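For reference, the structure is listed below as C-alpha cells.
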Amino acid sequence: HDRSFQCTQCLKIFHQATDLLEHQCVQAEQKPFVCGVCKMGFSLLTSLAQHHSAHSGTSGLVKCSICE
C-alpha cells in the first residue's frame, strides 16, 4: 500500500498520482483545466474551481470536464 510517485524532472516524491500530475502540469506550464465560460486555462483543478466562483457568484463545486 506504500506507493510513491516521483517527478522525473526534479525527483520530488508524491504519495498520490494526482499530486504528481498537478506538479508536472505546473512545471510544464500546462493548463489542461479550462473554464467553460471564458476559456481561461488553469494548471490545477482547484484553481479552476476557485475561478468558477467568479462567474457563478458562489464557491460551490464545479463539475470536472474530464471525469464528471
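The values are calculated or read from the model by the stated rules, or taken from the named source; none is laboratory data. On a predicted model such as this, the values are computed, not experimentally measured, just so you know. Methodologically, a virtual Cβ is constructed for each residue, glycine included, from the backbone with ideal geometry; neighbour enumeration extends over all protein chains shown. Accessible surface areas use protein heavy atoms only, side chains included; no ligands, DNA or RNA. Shrake-Rupley method; radii C 1.70, N 1.55, O 1.52, S 1.80 Å.
Data for the structure
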quantity	calculated
Surface per residue (accessible, 1.4 Å probe) for segment 1-40, Å²	85
Cα-projected label distance for Q27 with K12, points at 7 Å along beta-carbon direction, nm	0.9
